[in-house]
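No value in this document is a laboratory result; all are computed from the given coordinates. On a predicted model such as this, the values are computed, not experimentally measured, just so you know. Virtual Cβ from ideal backbone geometry, glycine too; neighbours counted across all protein chains shown.
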Amino acid sequence: NAGNRRVVKAYRYFKTRLNEMAGDGTDRSARLISFVEKLSRSSLVKIEVASHTDAYILFESLNDRGIPLTAVDLIKNKLLAQIERDDAERVDYYFDQWRLLLDDIGDEYAVQERFLRQYYNAFRDELREIVDAPMAIRSNLIRIFERLINQNSRECLTKTAAAARVYAFILGRRHDEALRDLVRPLKNLERIQGSPLYVLLLNLISRRRLLNLTNGNLVAVVNILVRFFVRRNLTDTPPTNEVTSLPLRILENIQGKQGDEVVETIQQNLATVSASNEVFQRRLEGLIYDENVGVARFVLIALAEHAMTNESFTDLWEEQNGKPKWTIEHIFPQGENIPESWVQMIAGGDEELAKNYQQTYVHRLGNLTITGYNSSLGNKSFQEKRDRTDSDDRYVGYRNGLGLNSELANTETWRVDQINVRGENLVQRALELFQFDGVE
């Protein structure tokens, strides 16, 4: 895991910046030497203070003309300064608690801020006596935490840190053997960009015993959320502003319910705002790659995985050097210059007709698949794409063994009528896979 360590990330960052600074040409060394000379003339100043309160005041003073503090910085400073007044002897312990909290959530500021907002929204009912905000948003986040900290700084940190551990599990940054069945569904929710409803999961997982929720209940909820976001992200129904407030309404509606009732209530609430089957089908039949390439890839991989067995399972989300190994492949190429072999096959030699077909069909589900060697296939002929092998004579084209490619592996041609037939088949399978009970 060396690549995930900060020192390695820092090394890569500075190496990249130095290469950018050096640029091209014969004077690369001169530019770097000039930079080193400037660096050598700079000074590093270390200031030690007696307490966290003094450190906070000093930082505020020195930063007066610098980069503004983020909401997370301000909340941290307020929290630690208040704790030092409340419990000076244990301030270092609480400082470590805050550091562990951030370690759980990760270094990305956007995720840290989102967690703090979603923490308040997830437990709003419990915190309502202290803070009267109907929902945490960026503009009121600092005010919300100031009130929580002023009420009881140590309790605020303790409860926030406990929620951070649950949130880290949702993000896949912590392991919990008791909840291992949730790992794969949660990863799918992340892939389909379902983070707006992490609010709901943060509450349910934290209170699972109180709500009498089994692992099966929680898995069912996450799978419901995945299906909801596949439909939502392809149809934009409901709109973004409604999605943000959706988990708060759901949490209100599950009050007093337990176990299966919680799952059913969540299903019903989401069904009332989800896109209809007609709208979802129309988007699946359309230019899905243009509409939302992320959803297109998710749907294709889900269809491929659904056809797998335990023995034939292949990780289609695998990455190599930080990039996806398996990517979307356009069977009929999408490039501006259509190869002659494709003009002959799909349009009988009529180049203009081939271009019209490309505009109409190239981004439809029936013309898309998943391969691990997209860059090596490109604009090759259909037969070359189908029969492509690697250096070990393993099929890497359409005969790669994926059920998604079974029609492609056993045909000699690829024409518009075949795109339509395959598209109809994939759309029906996708409708079944992402069916939402209660939606017509």
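Between the alpha-carbon centres of the stretch 101-131 and the stretch 199-272 there is a gap of 18 Å. Looking at the stretch 109-187, the GluC sites (Glu not before Pro) that sit in a DSSP loop and have at most 12 other Cβ atoms within 10 Å of their own Cβ are 129. Dipole magnitude for the stretch 80-128: about 320 debye, using +1 per Lys or Arg Cβ and -1 per Asp or Glu Cβ, origin at the Cα centre. Here's the picture: charge each Lys and Arg Cβ at +1 and each Asp and Glu Cβ at -1 in the stretch 56-156, and of 127, 91, 137 the one pushed furthest to the positive end of that dipole is 137.
A simple spin-label model places the labels of residue 174 and residue 190 1.5 nm from each other, with each point 7 Å out along Cα-to-Cβ. Taking a ≥ b ≥ c as the square roots of the eigenvalues of the Cα gyration tensor, the stretch 134-251 is classed as oblate, since a/c reaches at least 1.5 and a/b does not exceed b/c. Mean projection of the Cα convex hull over all viewing directions, computed for the stretch 83-123: 3.5 nm². Using a Gaussian network model on the chain with a 10 Å cutoff between Cα atoms, which of 220, 30, 304 fluctuates the most? Its mean-square fluctuation being the largest, the pick is 30. Assuming charge only on the beta carbon of Lys and Arg (+1) and of Asp and Glu (-1), the dipole of the stretch 253-358 about its Cα centre is about 280 debye to the nearest 20. Would you work out which of 112, 263, 228 lies farthest towards the positive end of the dipole of the chain? Charges go on Cβ: Lys and Arg +1, Asp and Glu -1. Comparing the listed Cα positions along the dipole, 112 ranks first. Taking the Cα centre of the chain as origin and assigning +1 to Lys and Arg Cβ atoms and -1 to Asp and Glu Cβ atoms, the resulting dipole is close to 980 debye. For residue 137, the shell of other residues with beta-carbons less than 12 Å away shows a net charge of +3, using +1 for Lys and Arg and -1 for Asp and Glu. Of the residues 366, 23, 401, the one that moves most in a GNM of the chain with alpha-carbon contacts below 10 Å is 23.
Here are labelled values, (1) 19.4; (2) 28.5; (3) 24.4, and one is the computed mean projected area of the Cα convex hull in nm² for what I pasted. Which one? Of the listed options (1) 19.4; (2) 28.5; (3) 24.4, (2) comes from this structure. Let me make sure I get this right: for the stretch 294-440, a, b and c are the square roots of the gyration tensor eigenvalues over alpha carbons, sorted descending. Under 1.5 in a/c it's rounded, otherwise prolate if a/b > b/c, else oblate. Which is it? Judged from the Cα gyration tensor, the stretch 294-440 comes out oblate (a/c at least 1.5, b/c at or above a/b).
Go ahead and run the numbers for FRET between residue 155 and residue 210, Cβ-Cβ distance against an R0 of 25 Å, rounding to 0.05.
On the way: r = 19 Å, r/R0 = 0.75.
Here the calculated transfer efficiency is 0.85.
Would you mind telling me which residue in 101, 365, 44 has the biggest mean-square fluctuation in a Gaussian network model of the chain, where springs connect alpha carbons within a distance under 10 angstrom? In the Gaussian network model the winner is 44.
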